[in-house]
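See structure below.
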Amino acid sequence: NAGVTQTPKFQVLKTGQSMTLQCAQDMNHNSMYWYRQDPGMGLRLIYYSASEGTTDKGEVPNGYNVSRLNKREFSLRLESAAPSQTSVYFCASSEAGQGYYGYTFGSGTRLTVV
Amino acid sequence: RKEVEQDPGPFNVPEGATVAFNCTYSNSASQSFFWYRQDCRKEPKLLMSVYSSGNEDGRFTAQLNRASQYISLLIRDSKLSDSATYLCVVNRDFNKFYFGSGTKLNVKP
């Protein structure tokens, strides 16, 4: 089925470890996003990529890096994980760059940092 | 102050009831407005966009009040399958979308 695929679905890290969350979309969307969702906080934008070759910081970028590998793929890297990064991470893509047509979200990655 | 605020609920209603949620936003420059639905431990999914004149999609009606800076979602004839968390989303700048923390709805038989 067409959509946004995220891997892994679950991950437990120790403080200080690094990891990369992978995201791929097959809808030929230009824009891709990484959000985190914490209880009572709503979804908060970490980084986004308006188009292939560009990335920009969102609301909460500290502790993260991203790579827009090609039009399909947008990865999120935690260089040195901290317990405060325990969250559910969602990747999303949109057609028009402004989300007018709505985001399509991946199924999420549940990350626990101990 | 949060960009988008919602009553977290939960709203507990019987099947067939009509229920309404409101959402307020803080920045008058906000341009686009949406309602998303999120089932437990799932990803958010677009329910409907909200247009200035108000819009309807089946049992769902969305309204925008720019003067008072709020949007609303009305669900008529609630179904058990409507049980979910409803997220209010506003867009102000290019690629900047702000999500509310959601309103939880429980529809009871």
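The values are calculated or read from the model by the stated rules, or taken from the named source; none is laboratory data. Bear in mind the structure is a predicted one, so any value in this text is a computation, not a measurement. Here the Cβ positions follow ideal geometry from the backbone for every residue, glycine too, while neighbour counts run over all protein chains shown.
How do the strands (runs of 3 or more DSSP E) wholly within segment A:5-65 filter down when requiring 3 or more residues that are surrounded by 20 or more Cβ atoms within 10 Å (Cβ to Cβ): which remain? Answer list for segment A:5-65: A:19-25, A:31-38, A:42-49. From the list B:Arg59, B:Arg37, B:Arg41, the lone residue that is touching a helix residue (DSSP H, G or I) at 6+ places or on another chain (Cβ under 9 Å) and closer than 30 Å to A:Lys9 by Cα is B:Arg37.
Within segment B:57-83, the only residue that satisfies the criterion of being at positive phi and either buried (at least 18 other Cβ atoms within 10 Å of the Cβ) or polar (S, T, N, Q) (or both) is B:Gln69.
Which one is modelled with the lowest pLDDT, of the residues in segment A:95-110 that are more than 9 Å from chain B (Cβ to nearest Cβ) and within 29 Å of B:Tyr51 (Cβ to Cβ)? Steps first, answer last, please.
Applying the first criterion (more than 9 Å from chain B (Cβ to nearest Cβ)) to segment A:95-110 yields A:95-96, A:109.
When the remaining residues are screened for being within 29 Å of B:Tyr51 (Cβ to Cβ), the result is A:95-96.
Details: A:Glu95: 78, A:Ala96: 63.
Only one residue tops the list, namely A:Ala96.
Pairs linking a residue in segment A:76-89 that is over 14 Å from A:Asn65 (Cβ atoms) to a residue that is modelled with pLDDT under 95, with Cβ atoms under 8 Å and 6 or more positions apart or on different chains, are A:Ser87/A:Asp38; A:Val88/A:Asp38.
Which one of A:Val113, A:Val88 is under 22 Å from B:Lys2 (Cβ atoms), hydrophobic (A, V, I, L, M, F, W, C) and either within 9 Å of another protein chain (Cβ to nearest Cβ) or surrounded by 15 or more Cβ atoms within 10 Å (Cβ to Cβ) (or both)?
On the way: A:Val113 fails: under 22 Å from B:Lys2 (Cβ atoms).
Every option except A:Val88 fails the conditions.
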